[in-house]
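Reading through the C-alpha cells given below for one structure.
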Amino acid sequence: MKVLVPVKRVVDYTVRVRPRSDGSGVDIANLKMSMNPFDEIAMEEAVRLREAGVATEVVAVSIGPAAAQDTLRTALAFGADRALLLETEESLAPVVISRALAAVVGEESPDLVLMGKQAIDDDCNQTAQMLAARVGWGQGTFACRLEMGDGEVIVTREVDGGTRTVALGLPAVVSTDLRLNEPRYLKLPNIMKAKKKPLDRRPLDSLGVDTRSGIRMVSVAEPPARKPGVRVADVGELLDKLKNEAQVI
Amino acid sequence: MEFDVVIVGAGPAGLAAAIRLRQQAKQTGQDLSVCVLEKGSEVGAHILSGAVFAPRALHELLPDWRERGAPLNTAVSEDQFLLLTQGRALRLPTPPQMHNQGNYIISLGNLCRWLAEQAEALGVEVLPGFPAAEVLHDEQGAVKGVATADMGRNPDGSEGPRFEPGVELHARQTLFCEGCHGSLTKTLIDRFRLREGVGPQTYGLGIKEVWEVDPTRHRPGQVIHSVGWPLDTRTYGGGFLYHLEDNRVAVGFIVGLDYENPYLSPFEEMQRFKTHPAIRPVFEGGKRIAYGARALVEGGLQGLPKLSFPGGLLVGDTAGFLDVPRIKGSDNAMKSGITAAETVFDLLTSSPAGGAEASDFRSRLDNTWVIRELHRARNIRPGFRWGLWAGLAHAAVDTYVFRGRAPWTLRHHADHERLRPARDCQPIDYPRPDGAITFDRLSSVFLSNTNHEEGQPIHLKLRDENRPTALNLPVYAGPEARYCPAGVYEYVETGDANGSRLQINAQNCVHCKTCDIKDPDQNIDWVVPQGGDGPNYPGM
Amino acid sequence: MTVLVVAEHDHRHLADVTRRTVSAALALGDAVDVLVAGQDCQAVGEAAAALEGVSRVLLCDDPTYAHQLAEPLAELVISLASDYSAVLAAATTQGKDFMPRVAARLDVAQVSDITGIEGPTTFERPIYAGNVMARVICEDPIRVITVRPTAFDPVGEGGSASIETVPAAQDPGLSRFVEESLTESERPELGAARVVVSGGRGVGSAEGFQLLESLADELNAAIGASRAAVDAGFVPNDYQVGQTGKVVAPELYIAVGISGAIQHWAGMKDSKVVVAINRDEEAPMVQMADYALVGDLFEVLPALRDGLRALKS
C-alpha cells in the first residue's frame, strides 16, 4: 500500500504572529517555520503504517517555496521514503492546492492520502475534503483512530460531542486530528540520513493546473481589543450585571 | 556518531569556527567533518544581542560578505552617550571606544542564520534542536565529545512513552561555544580547574525589546547609550537605543549582576528606563514586537579562564571575550572562533589522535586584537565598583591618561557574593506598567515565544530544595523572583505552617542564565531542557 | 440573491447553530432557503420553516442521509447549488466535513469560519487561531461559506416558510457508517460549553474545586482550570484552558483564583463575558475581566450559587 502525505510549511505554533503595520498581510520575516502540527500527526501515522508493514511506501509532498524543502526533510527524517516539492512563491488557496494534489494523486496513484485536518496559519480546514471530492474518493475527516480493514480503512472521527466511526473503501483521504497520535521525537541519525533521501523538486507549473481562484485576502488586522471592565462590590451587583447588562444568565 | 570536530552552539563563535575549519580543509584538500549542535529550535532562536556590530572578524572570515548578502543593513550614522538623571539627559562626550563609524546595527540572530547558511554550504552539519547535555571523556579524562539531551522523559526523570535517548557525538576536538555562562562550560571549568589562579567572572543581565515605532520618530542608524537613571549610582548598568531598518528600534537595558540590593529588579529598571523623558517619545504610538533577555560577560581579561584542556577549547563568550567599554562581543567571539579553528586545524593536521590539548590557543589569541584590546580595557569595568561617578572618572583617566597602560589590574568579585541582606537595603517602589510603554513580565515573556514542552523534568535544578525558603526568602527577600526576567521564580503562599514555597515556572524560561549566576548560595544549576525548547526569538 | 443554508440537526431537533447560520444568511442575501436532509426529519423541516426570514424549506427525507455522511450530503447540496448565489453551513465538525466537498465539486473557493459579513463578497474570518483577523473577498459565482456560530445571534421564530420536498441525490457509496459514541456527561464539554467556571492556583486545593463544581451545577457549566491549578494537582490535565491546553470561547467565563497569566488569557480571551473572582486585586485577570469581584472565593462562590438559585426560582 502506498501512502501519500501532503505537508505544509507554516509559522511554528509557539511563535506569535502579527499583522504588518500597513495591514497588507502577516509579518512572517525571520520567524521560525515548521511542519504544520496536524501534518506531523499524519506523517507519524503514515510511518507507523509503514513500520507495521501495512504501507510499503510513504511519499511526502509539499507545495510552496524552495524553503519548504526543510519541511520535506523533516518528513524524510520521520521516515518518508521520498519527497516531492512543487515549487511556487505564490500563497495559494485550498481550492488550488486541491487541484494540484489531485494531479499528484494522478501521478502517484496512492492507496491512501493522509493529511492534517487544517493548517495552523490560514485555519481553512478544506484541502483534504476538496482533494477527496476532486478524485472521487471517500473521506474520513478529523481522525482520532485509524484501522486498516479488508480493502477499507476504518476511521474514528472526532465530532462535536463525541466520536463517529466510518468505513471507507480504498483509495481514500483521511485528515488527522490532534488525538490520533503523538508524533515521535526525531532521531539525530535519521535527520542526517534524511539529507540523503530522494527529494524531487519541480515547479508547480509542471503539473499544468490552473492556479487561479476566486478568493483573495485583502487585509489583516489585530482582533479588536476588549473593552475595559468594571469592579463590582459584591455578589448582588455581579448577579445584577450578568443578568441585566451582559444578559448571560 | 563520529566527527573530526564537534562544536557546541551555533552562535557567532561556533559558526565562525565551523566556517574557518571547513575553509582550511577545502584549501588544503583535506576531509574534515564538522558538526554544530544548537539547543534552539533553529539557528538564531536563542541569539540575543544589542547589537552594534563591528565587521572586522566577519571581514576576515568572509571578505565577500556584502556580495553574499550578509544582513548588515543599517550603518551607524550617529552616536550619542547620555547621562540620565530623573527627568534630564546630559549629553557626554562619546568615549573613543564607543565610536561606531563603520559599524552596523544588526540583529545578531539574523546574522547567525546567515552564517549557518554559509557554514552549511561549506559542508558543515548544522543541527538545531539538539542541545549538548553532557561532556564525554575518554579513559584518560580527555574530552571526546558530547551527548545530546534525552527527549521524552517524565517530570520525575523516568522514561516516557516517546522516550528518545540522547546521542553520543564523538570528536577529536570539541569546541564549546555556548555563549555567556554555558552549562557544559561550567562543568568543564570545575573538572579541569580552568579558573585556577584566575579571578571570578562577572556578568550583566541584558533585557531587550524590539519596537516598531512611528515613522516620524525613526532615525535609522542612530545609536544612543546611557548611564545613570533609573539605576542608583552604586549599581553598574545602562541603556541602549538602536534605530534599525523598517521603523524598528531595539531598546535594551543592562544591569551589572554585581548589584547589591536584593530588591532590585532588572526587568523593572528596563521598563522604567523607557519612561525617561529623553527616551519615551521614541515609543509613543509604537508597538512592542519582541522581548528577550540574556546574561552577558563583563569580566574582560581578568575574567578569562584557561581556554584549553585535553580534547577541547572554550571559545567565544562562554570564555568571555566581550569588550565592556566598546560594548562589543560578537566581533571578538567570531575572532576567537576563527583563531580556535586555526589552532585546532593545525593540531589535528600535526597530531591526528583525539584528546590532545590545543594549548597554544591562548598564546595565538594574545597576538590578536582581541586580547590586545581587552588588555587595554581591563580596568574600566572593575572601576565601577566604586559607583557611577568614580567609575566614570576612573574610566576617563584610564582611557585618556593611561590609555589602558596603567601599571595595575583591578580584580572582580563573584556576582553572587555581592548581594546584601534585605534588612540592610531599601525596597524599591517600581511604577506599575501602563500597558503602552511599560509592561509586566508575563506579557513580555509571551513575546519571546518561549516554549518548553510539558511533562519534562524541570531544567532548573535546585541543589538543596530547602535553600530558597531557608536562605533566599528570609535573608534576601527572594531575589530570584526579581532578577528573573521571565517570571520563572515565584514565591507562593502555601497557606500552612511552611508559609511559602518556591514555584519554578520552568516553561517561561528564556535561557538567560541569570539564576545560575546570581543565586546567593549557588544553589541553582541551569541545565539544558529538551531539544528545541526555549525562546524563539524573531531576529534578536 | 438567494442563499441556501444547510441545516444541522439530529433528525428530530434543529440545531441552534443553524438559527445562527440563518442569521448570517439574512445578512448576505434577500431570500434564504434552508435544506433539511435526514431520515424521518419532518419535525426539523417544520422547525426550520418557523424561523424568522426563511422563505422556503427544502426537505429531503431519505435513508441516504440517516448518518449525515459527507459524500452523499455533498452530492445533494451540489445538485441544488446552481440556484443559489451562496451556500452556507455552520462551521461545526459537520459543516467542515461536507462543505469543502461541495466547493471542490463546484470548483469554487470556500470561505471558512466567517465571523463577519461586510458585503455580498467581503467577509471577515479569523486566521492564526484567532490572533489575526483577515478580510477576504470571494468573487466566485457561488460562494461556499461556513459560519462561526458564536459570531452571529440566532434568528427568532415567527416565520412561516413553505416546505418543499426534494429528491435524494445519488449516493456515491464511498463510505459506510459504523458507529457513533457521544459523550454522555453530566457537564457540557469544555470546548463547547456556554458557560465555563475555571479555577486557578488561588482555589487552593482539590477540595476548593468542589465549590466550583457546585457553582457549575447551577449554571450547567463546564469546569476548567489554569495551568497552575493543573500543575498543583488540583484537577486533571484535560481541564486545562490556555495556550497549551484547550482554547474556549463561551458566553460566560468565570475565572476563580486565576492570576491571569498571558498563556491562560490566550486560551479564553474570546469569551463573550469574563468574570474574575480573586482575592488579589492586582491580579492581571482582575484588570482584564469585564466584571471583577475582589474577595474570598470561599465566601463569594456559595453566595453566588445561592443567588443564582434564587434568581431561577
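Give the long-range amide H neighbours of B:Gly11: residues separated by 5 or more places, or on another chain, with amide H under 5 Å away, using H modelled in the peptide plane at 1.01 Å from N.
none
Would you mind pulling out the separation of the Cα centroids of region C:116-149 and region B:100-158, in Å?
Cα centres, region C:116-149 to region B:100-158: 44 Å.
Pull out a ≥ b ≥ c, the square roots of the eigenvalues of the alpha-carbon gyration tensor of region A:124-212, then state rounded if a/c is under 1.5, prolate if not and a/b is larger than b/c, and oblate in the remaining case. Show your work: numbers first, answer last.
On the way: a/c = 1.98, a/b = 1.21, b/c = 1.64.
The shape class here is oblate.
Tell me, rounded to the nearest percent, the portion of alpha carbon pairs in the protein assembly as shown spaced more than 46 Å apart.
Tail of the P(r) past 46 Å holds 37 percent of the pairs.
Read phi for every residue in region B:146-156 and hand back ³J(HN,Hα) as whole Hz from Karplus 6.51 cos²θ - 1.76 cosθ + 1.60, θ = phi - 60°, with x for Gly and Pro.
Taking θ as phi minus 60°, the curve returns 9, 10, 7, 6, 5, 10, x, 7, 6, x, 7 Hz for region B:146-156.
Only bridges whose two residues both fall in the protein assembly as shown count here: according to DSSP, what percent of them are antiparallel, nearest 5?
Details: 101 of 203 bridges.
Just about 50 percent of them are antiparallel.
Applying the Karplus parametrisation 6.51 cos²θ - 1.76 cosθ + 1.60 with θ = phi - 60° to the phi angles of region A:165-176, what ³J(HN,Hα) value in whole Hz is obtained for each residue in order, glycine and proline being reported as x?
These are the phi-based 3J(HN,Hα) values: 10, 10, 10, 10, x, 8, x, 8, 10, 10, 10, 9 Hz.
Return the lysines within reach of B:Lys274: Cα separation strictly under 18 angstrom, same-chain partners fewer than 8 residues apart disregarded; answer none if there are no such residues.
B:Lys208, B:Lys287
Just to check I understand the Karplus step: with θ = phi - 60° and J = 6.51 cos²θ - 1.76 cosθ + 1.60, what whole-Hz values come out for region B:105-120, glycine and proline as x?
Rounded to whole hertz, the list is 8, 9, 9, 5, x, 5, 4, 5, 4, 5, 4, 5, 5, 4, 5, 5.
Please report the spacing between the Cα centers of region A:6-24 and region A:95-139 in Å, no decimals.
22 Å
Considering only DSSP beta bridges with both partners in chain B, what is the antiparallel share in %, to the nearest 5? Walk me through the numbers on the way to the answer.
Numbers: 61 of 86 bridges.
Percent antiparallel among DSSP bridges in chain B is about 70.
List every residue whose amide H lies under 5 Å from the amide H of A:Thr176, counting only residues 5 or more places away in sequence or on a different chain, with H placed 1.01 Å from N in the peptide plane.
Hits under the 5 Å cutoff: A:Met115, A:Gly116, A:Lys117, A:Phe142, A:Ala143.
With both partners inside region C:116-230, how many of the DSSP beta bridges are antiparallel, as a percent to the nearest 5?
Numbers: 8 of 12 bridges.
Roughly 65 percent of the beta bridges in region C:116-230 run antiparallel, per DSSP.
Straight-line reach only, C-alpha to C-alpha below 17 angstrom: list the lysines that C:Lys269 could link to, leaving out same-chain residues fewer than 8 apart.
Within reach: A:Lys227, C:Lys246.
Long-range amide H contacts for B:Val76: which residues qualify at under 5 Å (H placed 1.01 Å from N, peptide plane, sequence gap of 5 or more or a different chain)?
Residues meeting the amide H criterion: B:Gly102, B:Asn103, B:Tyr104, B:Ile105.
Can you list the lysines whose alpha carbon sits under 16 Å from that of A:Lys8, skipping same-chain ones fewer than 8 residues off?
Result set, ordered by chain and number: A:Lys32, A:Lys117.
With +1 on each Lys and Arg Cβ and -1 on each Asp and Glu Cβ, how big is the dipole of the protein assembly as shown about its Cα centre, in debye rounded to the nearest 20?
4300 debye
Using alpha-carbon positions, what is the distance between the centroids of region B:18-92 and region B:224-267, in Å?
22 Å
With angles folded into 0 to 90 degrees, how steeply does helix A:94-108 sit against the dominant principal axis of chain A? Use alpha carbons for both and round to 10.
Roughly 20 degrees between the two axes.
Bear in mind these aren't lab numbers, they're just calculated from the coordinates by the rules spelled out. These figures come from a predicted structure and were not determined experimentally. We place every Cβ from the backbone using ideal geometry, glycine too, and count neighbours over all the protein chains shown.
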